[in-house]
Amino acid sequence: MTDLLLIKTSSLGDVVHAFPAVTDMARHCPTLSVDWIVEESFAALPRLHPAVRRVIPVALRRWRSALFSPATHAEWRRLNQILETLNHEASLDLQGLVKSALVGWFSPALRMGYDRHSIREPLASLFYQRRFRVSRNLHAVERNRTLAGLALGYTPEKEVTYGLRSDLVRPRTLGTEPYVLFLHGTSRRDKEWPEAHWVALGQHLSARGLTVLLPGGNEREHQRAQRLANQIVGAQALATLDLTTLAGLLAHAQAVVGVDTGLSHLATALQRPVVALYTATDPRATGVFGSALATNLGGMGQCPDVPEVLSALERWFP
């Protein structure tokens, strides 16, 4: 096989979890070319992996809100034309959802994915021509790697390698001082860490000469970032950044402290020291993974306290 269509459309963390599978493919199938279908808002992410030849953006979220509009139909037709022209030998759906399986249906390639016992939406398995059983007890990274290995005929190594580019640029707007990123924003309020905890942690790090940077992705997060920055000496609330710039920001951080958000996983993939804070989800299934520099704290119904986080950071800032 020389041409593979990889389907992993969203979300940010899920896309990051697919990178080690791509690294494995490049190692075990050196002649394989991988094209990646991904949601348009995350299209910058697959471009961070040197083994991805082509990124094919789709707009499933946008199309779903205007399913019967002429513009949506025109975009589906363009996708169909692109996939027919590229004529991949096979497609591999790492997403395991009906929507991702439908995208694969538009390609003339041999369709591969999870079997009905392994998949989040069993109906999706009906769209595949080759199906593989993968334990649902594995971390998401290992599920992706295992499925890819079964589909392409190799056994992944024990070591997890994300394989991202190492030439990401530090944002020019920053000075030269070392900084720690606080990833305080997340999709659900029950995943948030208390603001008082962020302030206390930031004050400790500021006293050690570290600058705290606080990105935000929406108005609510920007307001919180500004509130926190006002209470931490030298801290900065950042303007909205695109994903490529955010990746550069993460890649040059001294450390990253983040809640259950895709950016915490991206920081892990970029081999930065990461302390991930879980309050409403189980990190055993989707926590930061595969890096000796990454630490998960908390869990479902558990809120890590400030001393726990400081203790986890001690090996980076003794």
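The values are calculated or read from the model by the stated rules, or taken from the named source; none is laboratory data. Predicted model, so just to flag it, every value in this text is computed and none were measured. Cβ atoms come from the backbone with ideal geometry, glycine included; neighbour counts cover every protein chain shown. Just so you know, the surface numbers come from the protein's heavy atoms only, side chains and all, with ligands and any DNA or RNA stripped out. Shrake-Rupley method; radii C 1.70, N 1.55, O 1.52, S 1.80 Å.
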| field | LEU147 modelled with pLDDT of 95 or more, crowded, with 20+ Cβ neighbours inside 10 Å, of a type outside the set (Ser, Thr, Tyr) and part of a helix (DSSP H, G or I) | value | yes
| query | Any idea which of ALA229, ALA200 is in a helix (DSSP H, G or I), surrounded by 20 or more Cβ atoms within 10 Å (Cβ to Cβ) and not charged (D, E, K, R)? | reply | ALA229
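Within region 284-312, restricting attention to residues that are open to solvent by less than 20 Å² (accessible area, probe 1.4 Å) and free of Cβ contacts under 8 Å to residues at least 60 places away in the same chain, which residue is farthest from ASP167 (Cα to Cα)? Before the answer, list the steps.
At the first step, the residues of region 284-312 found to be open to solvent by less than 20 Å² (accessible area, probe 1.4 Å) are 287-288, 291, 299, 304, 306, 309, 312.
Filter once more, so that each one left must be free of Cβ contacts under 8 Å to residues at least 60 places away in the same chain: 288, 299, 312.
Details: VAL288: 22, GLY299: 34, ALA312: 28 Å.
So the residue we want is GLY299.
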| Evaluation of SER135 against (1) in a loop (DSSP other than H, G, I, E, B); (2) hydroxyl-bearing (Ser, Thr, Tyr); (3) open to solvent by less than 40 Å² (accessible area, probe 1.4 Å) (one fails), failing number | (3)
| note | By residue number, the members of region 171-192 that are under 20 Å from the mean Cα position of the chain (by Cα), of a type outside the set (Asp, Glu) and not in a helix (DSSP H, G or I) are VAL180, LEU181, PHE182, LEU183, HIS184, GLY185, THR186, SER187, ARG188
| query | Restricted to region 236-289, and to residues that are polar (S, T, N, Q) and part of a loop (DSSP other than H, G, I, E, B), which residue is farthest from GLN302 (Cα to Cα)? | reply | THR240
| query | Within region 112-130, restricting attention to residues that are of a type in the set (D, E, K, R) and touching a helix residue (DSSP H, G or I) at 6+ places or on another chain (Cβ under 6 Å), which residue is nearest to ALA90 (Cα to Cα)? | reply | ASP115
| field | helices (runs of 4 or more DSSP H) lying entirely in region 1-68 (those with 3 or more residues that are open to solvent by less than 10 Å² (accessible area, probe 1.4 Å)) | value | 12-17, 19-28
| query | ALA74: surrounded by fewer than 17 Cβ atoms within 10 Å (Cβ to Cβ) and more than 19 Å from VAL160 (Cβ to Cβ), yes or no? | reply | yes
| field | Contacts under 7 angstrom Cβ, first residue in region 149-166 being acidic (Asp, Glu), partner surrounded by 14 or more Cβ atoms within 10 Å (Cβ to Cβ), 6 or more apart | value | none
| Any residue in region 103-112 that is touching a Lys or Arg at 6+ places or on another chain (Cβ under 7 Å), part of a helix (DSSP H, G or I), under 16 Å from VAL38 (Cβ atoms) and of a type outside the set (A, V, I, L, M, F, W, C)? | yes
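Filtering region 1-38 down to residues that are among the hydroxyl-bearing types (Ser, Thr, Tyr), more than 24 Å from THR281 (Cβ to Cβ) and modelled with pLDDT of 95 or more, which residue is nearest to the chain's Cα centre (by Cα)? Give the steps one after another, and end with the answer.
Here is the first cut: in region 1-38, the ones among the hydroxyl-bearing types (Ser, Thr, Tyr) are 2, 9-11, 23, 31, 33.
So of that shortlist, the ones also more than 24 Å from THR281 (Cβ to Cβ) come out as 2, 23, 31, 33.
Cutting the leftovers down to modelled with pLDDT of 95 or more gives us 23, 31, 33.
Values: THR23: 15, THR31: 26, SER33: 21 Å.
So, considering only residues that are among the hydroxyl-bearing types (Ser, Thr, Tyr), more than 24 Å from THR281 (Cβ to Cβ) and modelled with pLDDT of 95 or more, the one nearest to the chain's Cα centre (by Cα) is THR23.
Kindly provide the set of residues from region 237-261 that are open to solvent by 10 Å² or more (accessible area, probe 1.4 Å) and farther than 20 Å from ALA312 by Cα, ordered by number.
Here is the first cut: in region 237-261, the residues open to solvent by 10 Å² or more (accessible area, probe 1.4 Å) are 237-246, 251-252, 254, 260-261.
Result: ALA237, LEU238, ALA239, THR240, LEU241, ASP242, LEU243, THR244, THR245, LEU246.
Any residue at all in region 103-120 that is touching a residue at least 60 places away in the same chain (Cβ under 8 Å), open to solvent by 20 Å² or more (accessible area, probe 1.4 Å) and not hydroxyl-bearing (Ser, Thr, Tyr)? Please lay out each step first, then the result.
Here is the first cut: in region 103-120, the ones touching a residue at least 60 places away in the same chain (Cβ under 8 Å) are 103-104, 107, 109.
Still in the running and open to solvent by 20 Å² or more (accessible area, probe 1.4 Å): none.
The answer is no, given that none of the residues of region 103-120 is touching a residue at least 60 places away in the same chain (Cβ under 8 Å), open to solvent by 20 Å² or more (accessible area, probe 1.4 Å) and not hydroxyl-bearing (Ser, Thr, Tyr).
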